[in-house]
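To start, the structure itself, in C-alpha cells.
The values are calculated or read from the model by the stated rules, or taken from the named source; none is laboratory data. For clarity, every value in this text was computed on a predicted model and none was experimentally measured. Here the Cβ positions follow ideal geometry from the backbone for every residue, glycine too, while neighbour counts run over all protein chains shown. Just the protein is used for accessible areas: all its heavy atoms, side chains included, with ligands, DNA and RNA removed. Shrake-Rupley method; radii C 1.70, N 1.55, O 1.52, S 1.80 Å.
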Amino acid sequence: AARAASALQKGVRRAAPLAPGDGLLLDACLFKSFKERHGDVHGQEVALGEEDEMVAEAFKREVIFPHMVRVEEEEGKMAEFVDELEEFDDTWIENHFQLKEEEAEEAEASLV
C-alpha cells in the first residue's frame, strides 16, 4: 500500500513488473487524438445501439468472463503476479536515473 501511494506522488518514478495479459479485457476503444483530428467528419462517438449493447454484455457474461476465470483457475498467473508485487525490487530504477543524471553532469562539465 505504501508503494502504491508513493507512486502517485509527482516526480516519483516507480517500476512495476509486467502484468499477465490473462484477464485483461478491452471493453471500449477511445481514440482521443483521432477524434480531435477527424471527429467533425466521422463523429465524436461511436456507440452501439441498445440491443447490440445488450448482446455484447450477454456475450461477456456468458463466454468471456467464464473463460477468464477458468484460465486463472488453471494457471494462476494473476494470483502469482499479485503475490509477487510486494516483493518486487524497483530500486534499480532509482539507481538508473541517478546514474543518468550523474553522467549528464559529467558530460556537461567536460564541455566547459
Nearest-10 value in Å² for the accessible area of Ser110, using the 1.4 Å probe: 90 Å²
Solvent exposure, largest accessible area first (probe 1.4 Å, DNA, RNA and ligands not counted), of Arg70, Arg37: Arg37, Arg70
Starting at the first residue of region 53-62, write each ³J(HN,Hα) from the Karplus equation 6.51 cos²θ - 1.76 cosθ + 1.60 with θ = phi - 60°, in whole Hz, x for Gly and Pro. 4, 5, 5, 4, 4, 5, 4, 4, 5, 8
So which lysines can Lys77 reach, going by Cα to Cα under 29 Å and dropping same-chain residues fewer than 8 places off? Lys60
Taking the Cβ of Asp22 as the centre, find all other residues whose Cβ is under 13 Å away and add up their charges (Lys, Arg: +1; Asp, Glu: -1). -3
For Glu73, solvent-accessible area (1.4 Å; no DNA, RNA or ligand), Å²: 150 Å²
